[in-house]
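Trainee: Mind looking over this structure? Questions follow.
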Amino acid sequence: MQLQADTAADHLLGAGDTPARVQAAFQQFYGRPASLGEVAEARQFLATYANRLAQGPGSRRSPERDAWSAFCQVLFASAEFQYRP
């Protein structure tokens, strides 16, 4: 799961700014665009996660990449991803 999330995060990091990346993730994982609320929630999650990593003990990668990897794990774990027709 971690390797798949890391691979997806690496792919998304090349997709422009944060809103564009969130849209790309929703399209890739769910086959649909993200709503404005989903983009806002994702941006808050990513910023909070990256900030906490940056303040904690050293990360083996960049806080931004780790945040995107965690975001991908959240999407993998969602019911919408698991039960998508």
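Trainee: Anything in segment 3-13 that is out of contact with any Ser or Thr (no Cβ under 7 Å at 6 or more places or on another chain) and either buried (at least 18 other Cβ atoms within 10 Å of the Cβ) or in contact (Cβ under 8 Å) with a residue 40 or more places away in the chain (or both)? List them, or say none.
Mentor: Passing the criteria: Gln4, Ala8, Asp10, Leu12, Leu13.
Trainee: Here's another thing I want to ask about it. Of everything in segment 55-69 that's in a helix (DSSP H, G or I) and not polar (S, T, N, Q), which residue is modelled with the lowest pLDDT?
Mentor: Looking at residues that are in a helix (DSSP H, G or I) and not polar (S, T, N, Q), I get Pro63.
Trainee: Also, I was wondering about something else. For segment 1-54, name all the residues that are part of a loop (DSSP other than H, G, I, E, B) and either in contact with a Leu (Cβ under 7 Å, 6 or more places away or on another chain) or under 25 Å from Tyr83 (Cβ atoms) (or both).
Mentor: Met1, Gly31, Arg32, Pro33, Ala34, Ser35
Trainee: Kindly indicate which of Ser69, Ser35 is polar (S, T, N, Q) and farther than 22 Å from Met1 by Cβ.
Mentor: Within the list Ser69, Ser35, the selection yields Ser35.
Trainee: Quick one: count up the residues across segment 5-42 that are among the acidic types (Asp, Glu) and within 14 Å of Ala67 (Cβ to Cβ).
Mentor: Going through segment 5-42 one residue at a time, the tally reaches 3.
Trainee: OK, next. So which of Ala8, Ala20 ends up being closer than 19 Å to Ala77 by Cβ and either touching an Asp or Glu at 6+ places or on another chain (Cβ under 7 Å) or of a type in the set (Gly, Ala, Ser) (or both)?
Mentor: Ala8
Okay, residues lined up against (1) without any contact (Cβ under 8 Å) to a residue 24 or more places away in the chain; (2) surrounded by 13 or more Cβ atoms within 10 Å (Cβ to Cβ); (3) among the basic types (Lys, Arg):
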| position | (1), (2), (3) |
| --- | --- |
| Met1 | no, no, no |
| Ala15 | yes, yes, no |
| Leu36 | yes, no, no |
| Ala42 | no, yes, no |
| Phe71 | no, yes, no |
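The values are calculated or read from the model by the stated rules, or taken from the named source; none is laboratory data. In this text, all values refer to a predicted model and were calculated from it rather than measured experimentally. Quick reminder, even Gly has a Cβ in these numbers, built from the backbone with ideal geometry, and neighbours come from all protein chains shown.
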